[in-house]
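A short worksheet on the structure shown next.
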Amino acid sequence: MAAASGIGLSPMHLLRRPVRAAFDRAESFLGRAFPPQWNPLLNLGALGFFFYWIVAASGIWVYIFFDTGVTQAYASIEYMTYEQWYLAGVMRSFHRYASDALVVVALLHLLREFGQDRYRGVRWFSWVTGIVVLVLLVVAGITGYWLVWDRLAQYVAIVTTEWFDALGVFGEPVARNFVAPSTLDSRFFTLMVFIHIAVPLIALIVMWVHLQRVTKPRINPPRGLAVGTFLSLLALSLVHPAVSQPPADLATVPGEVGLDWFYLSLYPLLETLPAPLTWGSALFLLALALAIPWLPPMRQAQPARVDLANCNGCSRCFADCPYAAITMVPRSDGAPFAAEARVDSSLCVRCGICAGACPTAMPFRRASDLSPGIDLPDLPIASLRDRVEAEGTRLVGRGRILVFGCGEGVPLEGLPSERVGVVRLACAGQLPPAFVDYVLSRNLADGVLVTGCAENACHARFGIAWSEARFARVRDPHLRKRVPAERLRTFWAGRLGRRALEAELAAFARALEALPEPTPPRRAPGLRELVEADRA
């Protein structure tokens with residue numbers, strides 16, 4: 001009751017909840033217009049890389065036409081905009097709008113990760129490096145205004161340099177370069193071009209570092225989404241091309257300027273408020289953003305643990321781990337296997353996908369304890385079997401369904417009934433396919449439904465993909481051929497899909513009632529039989 005009313009929840013949780021709800025609704029709304037693989041909000045990281053390459057390519061093209069002289073800079077931009085609009089002017093607009101889009105998707109990506117609670121614990125590294133990338137992108141965008149050298153660029157240059165001069169770290173005030181036409185020379189523009197190129201390159205390096213703790217990162221959006229985004233930017237560049245304001249004039253103080261509120265919304269504050277206040281606020285907000293993963297520290301479950309007595313070094317957990325938390329190292333216990341799995345607790349997100357990949361996570365085991373080669377200590381496979389049996393034994397009637405669902409997907413509260421049992425997982429990928437066989441062969445239910453996050457939006461990245469591949473028998477450990485396909489369904493609807501899930505369960509129950517009653521095997525297969533059958 002406390003959780004439902006918000007009483008006793010931490011301030012950070014109260015902040016995350018509306019952010020996540022907003023993204024859930026936005027993703028659901030866009031899902032009506034896009035297939036799951038094309039949903040823009042589910043491809044924010046990949047779109048960020050896509051926009052970055054557009055910015056880089058268009059920037060190189062524009063630089064061919066750009067002149068770094070004090071008077072020549074503005075003239076070259078005007079030449080591109082009006083005389084060579086079909087070659088350079090469109091590229092200038094393309095460069096501008098792709099830069100804006102890059103900052104937008106980076107900010108949305110940051111907010112979505114915050115709302116999804118994927119910034120704390122072992123994910124702190126991705127959050128911190130993401131903050132650094134966002135700051136660098138904004139800096140790169142602001143320096144781009146200087147190169148145009150119009151009235152807005154003059155305003156930005158004066159306010160920025162005066163703000164930095166307030167620190168007193170430079171030998172002479174930098175703002176002196178903008179007090180008169182004679183104080184500014186072309187070397188300054190050469191420096192600004194260098195900064196405008198160097199900062200995005202540094203950002204690219206940090207983006208590469210940002211991805212080092214994930215496996216198979218998605219850095220390219222789906223082709224259809226990429227083509228549509230590209231054409232949209234091109235159309236915007238043609239319909240509403242980027243243009244300059246009147247040329248800068250250091251002999252006069254800029255009066256009214258057309259401020260770009262996207263990048264420069266804080267500049268009026270920098271101009272009017274005391275520098276100690278603005279600097280203090282900026283540094284405080286940056287420190288707060290970097291410290292958020294530890295406000296408060298996350299209470300984490302125990303990381304995945306390897307049981308060498310049951311690990312044969314098959315490397316399936318290594319191949320399936322979404323966060324590179326598992327490595328294969330030489331055998332240490334003298335067993336006749338080449339390698340063993342090793343878990344890096346600083347990378348493990350406790351999703352359980354590794355346990356679902358382990359061939360020894362076999363519920364049919366009775367001769368020995370059910371202890372897979374790798375498992376979650378706080379949510380072990382043995383307890384999963386106990387919960388499956390407890391739920392199965394209470395189900396009655398025809399059309400009985402056992403639902404396996406992850407905690408990040410469709411809310412499962414209130415779903416159990418006399419014909420519906422519910423077993424929670426850390427992630428859908430934690431479920432070994434053999435459990436489906438176990439449920440059906442032991443007649444614990446007439447059908448199995450696996451549900452979780454929305455399609456293409458798995459909280460643990462690969463839980464949905466690996467589950468579907470295992471059930472389709474194209475990824476080990478795969479579902480045995482004897483399991484009837486009509487008695488297994490998957491349903492990926494996300495947190496807003498409760499009504500859709502109830503409708504799916506009702507339809508599934510009717511379909512199961514229409515099937516002939518299954519004939520269970522005369523005896524349950526043993527572990528050796530199952531392993532030999534899978535090998536065959």
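FRET efficiency for the pair Val209 and Thr252, taken as 1/(1 + (r/R0)^6) with r the Cβ-Cβ distance and R0 = 60 Å, rounds to 0.85.
In this label model, Arg176 and Gln84 are separated by 3.7 nm, measuring between points 7 Å along each Cα→Cβ vector. Roughly what angle does helix 44-65 make with the longest principal axis of the chain, taking Cα atoms, 0 to 90 degrees, to the nearest 10? On a 0 to 90 degree scale, this one is about 30.
The angle between the Cα long axis of helix 90-115 and the longest principal axis of the Cα atoms of the chain comes to about 40 degrees, rounded to the nearest 10. Maximal additional length on extending the Arg473-Leu283 stretch stands at 63.1 nm, based on 0.36 nm per residue less the C-alpha distance.
For the pair region 220-240 / region 478-494, the C-alpha centres are spaced 38 Å from each other. Taking trypsin sites (Lys or Arg not before Pro) across region 241-330, the ones in a DSSP loop with at most 16 further Cβ atoms lying within 10 angstrom of their Cβ are Arg299. With each run of n ≥ 4 DSSP H residues scored as -39500 (n - 2.57), what mean residue ellipticity at 222 nm is computed for the chain after dividing by its residue count and rounding to the nearest 500 deg cm²/dmol? Computed mean residue ellipticity for the chain: -15000 deg cm²/dmol.
With protein chains left intact and a 1.4 Å probe, residues in region 108-238 average 48 Å² of accessible area per residue. Sequence-distant contacts, meaning Cα pairs under 8 Å at least 6 residues apart, place the relative contact order of region 279-354 at 32 percent. Summarising the label geometry, the points placed 7 Å from Cα in the beta-carbon direction at Asn220 and Phe65 lie 3.0 nm from one another. Taking Ile60, Ile464, Ile158 and ordering them by how much accessible surface each has at a 1.4 Å probe, largest first, produces Ile60, Ile158, Ile464. Find the centroid of the Cα atoms in region 100-170 and in region 263-283, then give the distance between the two in whole Å. About 14 Å separates the Cα centre of region 100-170 from the one of region 263-283.
When both region 415-430 and region 309-323 are represented by their alpha-carbon centers, they are found 25 Å apart. DSSP finds beta bridges in the chain, and of those with both partners inside it, around 35 percent are antiparallel. Listed peptides 277-290, 93-106, 130-143, 419-432 appear in the order 419-432, 93-106, 130-143, 277-290 once ranked by packing, highest mean of other Cβ atoms within 10 Å at the front. Packing, as the average of other Cβ atoms within 10 Å across residues, places the peptides 249-258, 396-405 in the order 396-405, 249-258, highest first. Taking all protein chains into account, the per residue accessible area for region 283-405 stands at 46 Å² (1.4 Å probe). Solvent-accessible area of the chain (1.4 angstrom probe, protein heavy atoms only): carbon and sulfur portion equals 63 percent.
Extending 7 Å from Cα along the Cβ direction at Asp165 and again at Ala57 yields two label points whose distance is 4.3 nm.
The values are calculated or read from the model by the stated rules, or taken from the named source; none is laboratory data. For clarity, every value in this text was computed on a predicted model and none was experimentally measured. Methodologically, a virtual Cβ is constructed for each residue, glycine included, from the backbone with ideal geometry; neighbour enumeration extends over all protein chains shown. Keep in mind that these areas ignore ligands, DNA and RNA; they rest on the heavy atoms of the full protein, side chains included. Shrake-Rupley method; radii C 1.70, N 1.55, O 1.52, S 1.80 Å.
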